[in-house]
Structures are given as structure tokens and as C-alpha cells.
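Notes to accompany the following structure.
Bear in mind that the values in this text are calculations on the coordinates, not laboratory data. No experiment lies behind these values; they were computed from the predicted model shown. Cβ: placed from backbone, ideal geometry, glycine included. Neighbour counts: every protein chain shown.
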Amino acid sequence: MSLPTASFDLGLDSDADELQAIAAEQRRELMTAKTVDADLDFAFDLQLQEAITASLSLNPQPSTSSAAAAVDQPQRNEEALKFADVLSDELLKLEQELRDQAISEREFQNLKNDLDRRLHDHRLALEISKMSEDEWDDWGDNFERPFGEGSSKGGSTEIFRVYFKGLMENRLTDDSSLGGIGVAICDSRDDLLFELRKPFVAHGANRRTADITALIEGLNAALELQLQRLVFYCDYNPIFKFVTGQWSSKQRKVTALIDRVTDLSKRFTYCQPALAARKDIKFAFKLAREAIDAQVNRAAEASSSNCPKETCVICLDDSNINQIFSIDDCMHRYCFSCMKQHVEMKILHGLLPTCPHEGCKSELRISSCRTFLTPRLIDIMNQRTKEASIPVTEKVYCPYPKCSALMSKAEALEHSKPAIVGAERSGARKCLKCNNHFCINCKVPWHNNSTCTQYKMRNPHPPQEEAKLKNLAATNLWRQCVKCNHMIELAAGCYHMTCRCGYEFCYTCGAEWKNKKATCSCPLWDEENILEDDFDSDEEDEDAYFDSDSDSDLDGYL
């Protein structure tokens, strides 16, 4: 729900209509005067031309004053016409602004009416919920509270919530800054009532001034909605300290803004600040980010208005040439949007992305994909690249749940030798990421003063996390690849499974497939899986799977 961002005095409808009528009348008079003036100028030019012609016939040498008048008069006429055009344009702009203001006022009034009705219905529902069964049986069918003017004002006991956020972003290209503010007003149940996003432009602005300005916009919007009781949530501790009077700012601009917040707070029956985590105001944060993105997009559109376009062969949309991605090795070209979806799908399914062109196996480079991937997807792609570079038999995961870092056995050994005496003989290793010690043989945290055999005798049961994974796998009928230990779940399709490591096996019994042929006598498919509506296979005989990043030893499960 996108609503007007400015505040309006709804009592000035008649004045605005009158002003619009005056502007329209002035513009009509101006156009009439312009037409009459043009006719007079045309008649004057004809008379002047006749006089000059007659003068030339009598005297071949025209006087200086006549020539000057002939030259200066068109210039004066042109200047007058330009002034009239500018004045007419200004009147047109004024009329359009007045029309836009009237539309905004109507939308804002509709919003207020909708809010009043929602509050009325909410309070009515609460009253009904508090009625006893006897009361409801006696006169519940006739219970009503008519909705009308004054029946549902925002000055009830309900406390509304104001979430706000101001953001500043430095641009590396021209060393300038962009700002945006977002405001979300919700009821006591956190249902959205009002949202606001707008650019923030202020010389020398910073995060504090942007945040306080967003708060001021939120309070003004709450006043326009006639809300009387509210709490506004600060995710930035200094702002909370300022508005509660615990801190005083040394910057005059910040002090003036805080004074404005204090003055607005006094206009409410109840208005209190509260601290909130960033995740609790993420909607206001999103609105502020959208305000900045809108400015960036407008600038990009303006700079690329003359930029040539190219058709993406996947989506068939025309995109600016600077939004087309060229794959390094094969030079196939696709738009950023299609490439992002393709790469995201592949890496989230545990595969290294290649060129989407049919039959092309060119691998995508992380350095090139940074132009269209998010930082999170880049991290996942780095992880997949590292996983692919380590042979299956050499992969080791840190057994500590808060780490689970991937490394090769060779890397773990080289990292452990300087810190652990006899690491190669004892099996003790040191994690490359968290530096905790673990056993390379048992895949558990290092067991001091005991051998692997002694540890297994004292701990015959698997770790709690491994037991949970086994139970979850048994409940959901997951299978584990015997080559790389990754968990696989059949979503749809036949029982011929192809793990991401390339190992092929039967989903029913775990027997290996060789040369695309089964080595067991299990059924090849179940009709219910084949007829699944949402079946979508990216490659032949490849099914969706669950990928566990832990290297739990579940030998003997299949």
C-alpha cells in the first residue's frame, strides 16, 4: 500500500479548488493575449515591410534608424513570446500540482476512513469476544455498534507502533551521497496501516540526521492519521539516548531535529520511545533502501537512455548492453537477471554453475559473477568451488557444530604439524578456521589421553547430532551417497539417483549403477513419483536432494 508522502491540511479543499480555477482563468487570458499580440505583431511587420519597400524605392540608402528598427523589432517580439510561453508553462505546472494535491488529499482521506473502520471493527470484535455465552444467547443477534463519524477515532486505548529508518549511501563514482527514509506505522497487532518511502537530501547529512528525519516524518504521518497513542522504535542506540534526554548532542543540526521530535511528541496523548533490534524494523529498513534504489535507477536510466540494447535469448527481453553478461570462455551472452537465476539454482543445489547454453560446459568464474550475484551467493559459490576442488576421499569437515569448516586431509595435516607433536601418527588435527583440535579418524573433537579404540568403547552410541540426522533420514526415507556421504532425498522421478559427486546408485537398495544400468533387480520407478505435477529435472536422471554439509559417518545405514 503506497500512500502520499506529504502532509496535507484536509480543510482547504475549497481554497485549493478556487486557486486552481484562478490559475486556469489566468492561463486562458494569457493565451488570448498572446494570440492578440501575435496578430498585432504580424500586422505591424506587414506595415513596416511596406514602409521599408517604399523608402528603398525613393532612396536606395536606407536610414540607420529604419534598419535598426527592422532588426530589433523581431527580437523584441521573440522575447515577448518566450516570456509568455514560460509564464504559460508555470501556470500549467501550478494546475498540475493542484490536481495532484487534490488526488493525494482524497487518498489520504480514504486511508483515514479505512483506519477508523478497522479500529471500529477491532474494538467491536473485542467486545464480542468478552461477552458470555448467556449474554450472546439473549441478545447477541441484535448486538451492533454503528459505524459513523466520531465512532472510531484513533484516540482510543490502542497503542500504535511507528518503525522508522534513515539510510545514507556513499557513491564511489562521483563521491556523492544518496539518502532514503522509510516509515511503517502498524497497529498493536503489528498489522501495517501506513508506509512511507522518500529520498533524503540534506547537505552534510549523516546516519543520525537521516534517522531523526525519518522519525519526524513518522510522527507527522501519525498526527495526520489522528493517532493519539503510539510507541516509536529506535534500532540505533544514540537516537534513543537523544530522544530520552540521556545524551545531549554537540551538533546544532542534531539538537534542532531532536527539539522538533520533542515538540511533536507533546502533541500526542501518549508517545514513548523504545529500543528495537534491526530485525524488528526490517520493513522500514526495506522502504528506506527502496528509496535509495529508486534514485540510483533513475540516474542509471537517464545515463543509459541512448545506450544500445540487446535481446537475451533466454527471456527474450531487450536489455541495455551494460546489463548483458558475457561468459569468459565461450562468449555466450545473457542478461544479468537470467544469469543470476541460473547460477543461484545451480549453487543452491550443490552444483558448480556452467554456461546455460545447451551443450556448453564452460565454467563460470567467481570474479566475473560478482557483477550480478549477491555477497551471500558469492560465498556459497566459493564454498562449492572449494568442495569441487577437493577429491571426495580427501574431504574433511570440522566436527564442531559452530564451525563445520571444509578442508582437505593434506591441508589439515600441514596446519596441525607446527602445533601438535606427532599429529600424523596420533590422528590429531587442528581446524584451519576455528583452530580447535579434532580426531581425523573418529570425526569428533579430540579425545585426550585415549586412543580411537578406547574412545569408541567409552562412547558406543553416535553423537547426538548424528543420531538426530539418522532418525530424520529414516523418517523421511532419505538415502546417503556411499561415495561422498551426502544425504539425498527423492522428490520425484525414477529411482536412478545421480549424486552431485557423480556417483550413481539405486534409491531403493543403494546398489551402484554402472554404465547407466542397474546392478540390482529393484523397480525402476513408482508411478506416483513419475506423475508428480511439480517434477522438474535439470539434467537427465537427476533428482532433487537434501545436501548435508556435515561429514557424519553413517556407514552401514544404506
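Full extension of the chain between residue 315 and residue 421 yields a length gain of 32.2 nm, computed as 0.36 nm times the residue separation minus the alpha carbon distance. Taking the square roots of 5 times each eigenvalue of the Cα gyration tensor of region 160-295, largest first, gives ellipsoid semi-axes of 23, 18, 12 Å.
Counted by Cβ distance under 11 Å from residue 512, the other residues give a net charge of +2, where Lys and Arg count +1 and Asp and Glu count -1.
The charge dipole of region 362-511, taken about its Cα centre with unit charges on the Cβ atoms of Lys, Arg (+1), Asp and Glu (-1) only, comes to about 320 debye. Label-to-label distance for residue 385 and residue 435 is 2.7 nm, based on points extended 7 Å past Cα in the beta-carbon direction. Label-to-label distance, residue 157 versus residue 207, with points set 7 angstrom from Cα along the beta-carbon direction: 4.0 nm. Counting other Cβ atoms within 10 Å as a rough exposure proxy, the listed residues 417, 165 run 417, 165 from fewest neighbours to most.
Taking 0.36 nm per residue of separation and subtracting the Cα-Cα distance, full extension of the segment from residue 503 to residue 188 would add 107.9 nm.
Applying 1/(1 + (r/R0)^6) with R0 = 60 Å to the Cβ-Cβ distance of residue 472 and residue 21 gives a FRET efficiency near 0.25. Counted by neighbouring Cβ atoms within 10 Å, the residues 187, 114 run from fewest to most as 114, 187. For residue 297 and residue 127, a Förster radius of 45 Å and the Cβ-Cβ distance give a FRET efficiency of 0.40, rounded to the nearest 0.05. For residue 106 and residue 260, a Förster radius of 35 Å and the Cβ-Cβ distance give a FRET efficiency of 0.75, rounded to the nearest 0.05. Are any of the pairs 112/253; 456/517; 286/433; 483/517; 198/253 more than 29 Å apart by Cα-Cα distance, and if so, which? Result: 112/253; 456/517; 286/433 exceed 29 Å. Take residue 454 and residue 400, extend 7 Å from each Cα along the Cα→Cβ direction, and tell me the distance between the two endpoints in nm. Between residue 454 and residue 400, the simple spin-label model gives 2.4 nm. Estimated at 0.36 nm per residue, the fully extended path between residue 370 and residue 226 surpasses their Cα-Cα distance by 47.1 nm.
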